[in-house]
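The values are calculated or read from the model by the stated rules, or taken from the named source; none is laboratory data. Every value quoted in this text rests on a predicted model; they were computed, and no experiment measured them. When we count neighbours, we look across all protein chains shown, and the Cβ atoms used for this are built from the backbone with ideal geometry, even at glycine. Side chains are part of the model used for accessible areas, which takes the heavy atoms of the whole protein and leaves out ligands, DNA and RNA. Shrake-Rupley method; radii C 1.70, N 1.55, O 1.52, S 1.80 Å.
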Amino acid sequence: MTGAPVRTLLLWCPDWPVLAAEIVDGVPAAGPVAVLHANRVVACSASARAAGVRRGLRRREAQGRCPALTVVDHDPGRDARAFEPVVAAVEEVAAGVEVVRPGVCALAARGPARYLGGEEAAAERIIEQVAESCAVESQVGIADGVFAAGLAARTGQVVPPGGTPGFLAGLPVEAIGRPALADLLRRLGVRTLGEFAALPAGDVLARFGFDGALAHRLAAGHDHRPLAVRQPPVDLTVTAHHDEPLDRVDAAAFAARMLAERLHDRLAGYGLACTRLGIEAVTAHGQELHRVWRHDGLLTAAAIADRVRWQLDGWLSGSTGRAGARPPRPTAGIVRLRLVPDGLLARGGLQPGLWGEAGEERDRAHRALSRVQGILGPEAVVTAVLGGGRSPADQTRLVPWGDERLPARPGPPPLPDVGEAQPGGAGQVGVRLDGAGRPGSAGRTGAQPGGAGRSGVRRGSPVPPWPGRLPPPAPAVVLPVPLTATVHDAAGEPVLVSARLAVSAAPARLAVGGTTPTEIVGWTGPWPVDERWWAPAEARRRARFQVCLADGAALLLAVEAGRWLVEAIYD
C-alpha cells in the first residue's frame, strides 16, 4: 500500500435507523425508540439513552430499563431508502459522493472546499443543505482518510491536514470498530490507538492476522482507500407528447416506432440493453395505462417498436376475444407515451442463443406468443415451471409468458429445454383459449417433476430434499382437476386403505367416473403423504399408488378421505 490518505469530508446522521423508522413508518423518533436485530439493540434514540438503553443490550434488559420503550425491527432496506434523499441533497452541493452505509456518506473535501471558501465553510453548507432539503440533523467531520473523518464527525471536528495521527492517538482502542480485537488489546495493556499504532507492524501481523494488520494501519492514520464515488442514476426513459390525441392504431404505431428508436439509441450510448420494457400511456381524459413486457434476449429497436405497437393495438382496438370478451378501450386518445427500460445489463453480458445472436427461431416464437398476449391478455399464454413438492401437481406452476419464472415451492432447478422459446424453463407452452381462463387441456410437465426419487440435495444446494416424493418415472400428463375413481378387489369389494396404510385387498379393477371397469394387471404402493399436520386448516393426508391397466394405460392414483382419485397419466 502506497500513497497518502485522501482529504475526506464525511457526513454522519446520528441514530439513522431510528430516523429511518420515523421517515418510513412514522415511529416518533423524539420518544424512547430502540431498533433491534437478533434480539439486541443496534440503535436507539436520545431519550432511550437517557433512560439507560445502550447498543448491545438484549430486548428484555432494554425494556426493563425503559418500560415505555418502542421496539422496531432492523430493516436495512428501509434505512437505505430513507437515506437516498439525503445523498441526493449532498450531491446538489458537491459531486462524487460515496455511501459508506445508510446514515453515512463521504466525499473528497478538496472540491467543495475550493469553491465554498474552505473546509469549514463546506461542512456548514452541506449541513444546511441536508437540513433544508430533508429536515435531518447531521454532523460533518473532515480528516485524512475515511476512517479518521468518521471519528471526527462524531464530534463535528475538522482535523488539520497532517494532524490525523495525533488526533487518533488519544482515542481508545474501541474506536477501531472491532470489539474482539479491542478486548484483546485491553487485556494486553494496549488502551489507545496511539499505543496500538506504536507496535511493530510485523509483530501485529504475526499475532493478529491480516485484519489486525489493517486495523493497525488505520490506527496509525494510514487509511488511504480511494473513495468509491456514487454515480447518479441516468434517466433512460423516453417520452413523447402529442397535441392531437392518438386514437388510431396506425398513427400510434408510427409514433411508437420513432420513440423506440430514441430509446434504443439512448441505451446504446451507455452500452446497455434492457430485458424488460415498461409501456406507459396517458389519455386526454387523464386515464393511465401501464404494461411491462419481458424479453430473454437483446431488445433491438425493431423489437421495442413491435412490443409498443402490439400493446397500443390491444389498448386502442379492443379486439374481441373468444366468447365475446373485449378489453375495455380508453375513453379518449393517447396524448403522452412513455417507455421505461428495466432489467438493464451490459450489452456484452447477453448470452448468444443456439440459433444465432439472439435466436431467430426463438424470436419468431416469442413474437407470436407476445402477440397472442396482446390480444387475449397476459394470462392467455402460460408455461410450466417446475419446483419442489411430493406430487406432480404440487411441483408444477403455470406462469404467464414473460413473467418471472419462480416455482411455487422451493426445489431443484429444472433442466433447460433447448427446444423451448423461453430459456431456463421446463415443460411446454400452453395457450388458454376459453373464457374462464382455464387451460384447454391437461398441463404437460414434459420433465421429471422435482427430480423424483432422489433422497438428498446436491452439495451446496439450499433447496429442501422433499422426502416422500414419488419415485421415477414421472407422469407425462398431470390433470388440472383429479378425476374420481372406484377401485375394487377380485371379489368386487371396494379396496380400502387404513390409517396404518394397510391395504384391505389387492386392487383388481378400476373405474374412472362412470366408465366401464378396467382390469388392473399391476400395481405398487402405497406411498404415504402427511403434510402440514401442525396447521389443521392446511393439513393433508393421502396415499398414492401406481397402477397398470389391461388396456396399456398407467395411472397415478391417490386415496384421500376414503376417495380414490386419478391425479396423473403415464406414457
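Check Ile569, Ile520 and return the single one that is in a strand (DSSP E or B), more than 41 Å from the chain's Cα centre (by Cα) and of a type in the set (A, V, I, L, M, F, W, C).
Numbers: Ile569 fails: more than 41 Å from the chain's Cα centre (by Cα).
The unique qualifying residue is Ile520.
Would you mind stating whether Thr155 is open to solvent by 60 Å² or more (accessible area, probe 1.4 Å), more than 34 Å from the chain's Cα centre (by Cα), closer than 25 Å to Arg55 by Cβ and of a type in the set (S, T, N, Q)? Break it down stepwise before answering.
Numbers: open to solvent by 60 Å² or more (accessible area, probe 1.4 Å): yes; more than 34 Å from the chain's Cα centre (by Cα): yes; closer than 25 Å to Arg55 by Cβ: yes; of a type in the set (S, T, N, Q): yes.
When the stated conditions are applied, Thr155 passes them.
Once the stretch 1-38 is narrowed to residues that are in a helix (DSSP H, G or I) and of a type in the set (A, V, I, L, M, F, W, C), the residue that is surrounded by the fewest Cβ atoms within 10 Å (Cβ to Cβ) is Val24. Here is the figure for the stretch 39-87: residues that are part of a helix (DSSP H, G or I), closer than 23 Å to Val130 by Cβ and in contact (Cβ under 8 Å) with a residue 12 or more places away in the chain total 12.
Look at (1) of a type outside the set (Val, Ile, Thr); (2) modelled with pLDDT under 90; (3) within 26 Å of Ala384 (Cβ to Cβ) and you find that Cys548 fails only one, number (2).
Being open to solvent by 40 Å² or more (accessible area, probe 1.4 Å) and assigned to a helix (DSSP H, G or I) is the filter here, so list the residues in the stretch 116-146 that pass it.
Let us first name the residues in the stretch 116-146 that are open to solvent by 40 Å² or more (accessible area, probe 1.4 Å), namely 116-117, 119-120, 124-125, 127-128, 131-133, 135, 137, 139.
Answer for the stretch 116-146, where residues must be open to solvent by 40 Å² or more (accessible area, probe 1.4 Å) and assigned to a helix (DSSP H, G or I): Leu116, Glu119, Glu120, Glu124, Arg125, Ile127, Glu128, Ala131, Glu132, Ser133.
Only a single criterion out of (1) in a helix (DSSP H, G or I); (2) open to solvent by 50 Å² or more (accessible area, probe 1.4 Å) is not satisfied by Val99, namely (1). If the condition is being within 14 Å of Asp75 (Cα to Cα) and in contact with a Gly (Cβ under 7 Å, 6 or more places away or on another chain), then the stretch 29-51 contributes Arg40, Val41.
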